[in-house]
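Written out below as structure tokens is the structure these notes cover.
The values are calculated or read from the model by the stated rules, or taken from the named source; none is laboratory data. Note that the structure is a prediction, hence the values are computed from the model and not measured. Here the Cβ is made from the backbone with ideal geometry for all residues, glycine too, and neighbour counts use every protein chain on show. All accessible areas refer to the heavy atoms of the entire protein, side chains included, with ligands and DNA or RNA removed. Shrake-Rupley method; radii C 1.70, N 1.55, O 1.52, S 1.80 Å.
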Amino acid sequence: MSAIVLKPLFHRNRECIGLYFEHNKILNAIVKKIPDVSWSKTHKCWYIPYTQKNYILLSNVFAGKAIVQNTALKEYLLQKSESKSITHIVNTAKSIATPDLKKIMPPPTKTVSSIFKLSNANIEALEKFIQQLHLKAYSPSTIKTYRNEFIQLLQLLKNKPVHTLTEEEIKRYLVYVMQKEKLSENTVHSHLNALKFYYEKVLCREKFFFEIPRPKKPLQLPKLLNETELKNLFNALVNKKHKAMLFTAYSAGLRVSEIVNLKIADIDSKRMQIFIERAKGKKDRYVNLSPVLLDILRNYIKLYIPKPKTYLFESKQTESCYPTRTVQQIFTNAKNKAGIRKEVGVHSLRHSFATHLLDKGTDIRFIKDLLGHFDIRTTERYLHVSKQKLINIISPLDDLMQKEEIEW
């Protein structure tokens, strides 16, 4: 039975339900008979105005004819039930154009209505802030982070316009988030970056943050797995697709976002390279393709049903790339099954890749390029955890025990 995915969609200034499915004559014929349904060239899907009536209608229309996957829509509806409808919010917050609502909408942990408790001046500031982030072509994850951090400040300000804040007031705010909110040094740095962007890039106050100190960041060493732990981790996996994912992560030192966005066309078996497109910092790079990994990937594609079409690791449901959270959960499940007690995530495979290369004597400059680091200082963190130089250092306790024949 074919599957049809229902997702929330903002199209032509209104809320809609997007209908996504693989080309199917029978489903196309059914969809065309639905009242008010239209085709979107932009989104390449059918869509229908969002109403409770239409949501129920779609469930009934496809009953027994297709598998309806509506997880994304249910999450959106749950969020709406905890807040006012978006249409009503637009009428309340007239200073924001409807097409921009999806850009400023916070994640489900925060209700939409919380944003609109802001003053009109701060809502306008938020809109300009997000607009400038998009114009500067910041990544979606950075925009989301900066937006949420800026909103946190605006909610505290209430009716006080954000553009009127002085350096001393911003300092007090930073002390507040560190002492009252218990934010880490790294998170405070991120808050500062968001505010710096607003005052310097939106309001063009170039030296506004000159006198505002930054908290000293702790020196955190990369957490990695040793070879025995890696063996146990990989052996704990049964699913061939899951194994291929984690093997790829370790073999090439990839970030989780790079794993899920890998396409079949990115695997170049003639040059024995993997092409990583627009990774962190919008930076392309090539990494080595291990012959062992190539065999693993070929075996996975040969045996796995349905075979991937575009992405190397495709979701069965959407035929698009895997969600990063799913890969993280695959790693966590395997780690627990392998009995590994270290507090590590899937990113530890990347750390392990770099550290194990250092242990084998690989030049750190080559490792920098393989990892896609902009600054060699980022790569140099692995020098602190590599055993290459430490292995020949003998503890003075060992010498004392041998020479003085101390009993224990």
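Straight-line reach from residue 335: taking Cα to Cα under 16 Å and skipping same-chain neighbours fewer than 8 places apart, the aspartates and glutamates in range are 227, 229, 343.
Within straight-line reach of residue 25, meaning a Cα separation under 19 Å, sit the following aspartates and glutamates at least 8 residues removed in sequence or on another chain: 319.
Given a cut-off of 25 Å, name the pairs among 182/337; 217/337; 158/182; 74/316 whose C-alpha atoms lie farther apart than that in the structure shown. Cα-Cα > 25 Å for 182/337; 217/337; rest within. If you average the alpha carbon positions of segment 268-333 and of segment 209-225, how far apart do those two centres end up, in angstrom? Comparing the Cα centres of segment 268-333 and segment 209-225, I get a distance of 32 Å. Expressed as a whole number of Å, what is the distance separating the alpha-carbon centroids of segment 229-254 and segment 122-191? That distance is 39 Å.
Heavy atoms of the protein chains alone define the surface here; on that basis segment 1-77 has 60 Å² accessible area per residue at 1.4 Å probe size.
Checking every one of the GluC sites (Glu not before Pro) in segment 293-390 against DSSP loop status and a limit of 15 other Cβ atoms within 10 Å picks out 343. Within the straight-line cut-off of under 12 Å between alpha carbons, the aspartates and glutamates reachable from residue 283 are 258, 369, sequence neighbours fewer than 8 places apart in one chain being disregarded.
For the listed residue pairs 243/307; 41/280; 160/201; 171/196, the alpha carbons are over 18 angstrom apart in 41/280; 160/201.
Counting only protein heavy atoms and a 1.4 Å probe, segment 185-307 has 57 square angstrom of accessible area per residue.
Give me the percent of the accessible area of segment 132-242 that comes from carbon and sulfur atoms, probe 1.4 Å, all protein chains in place.
52 percent
For segment 1-56, trypsin sites (Lys or Arg not before Pro) meeting the loop criterion (DSSP other than H, G, I, E, B) and having at most 10 other Cβ atoms within 10 Å: 33, 41, 44.
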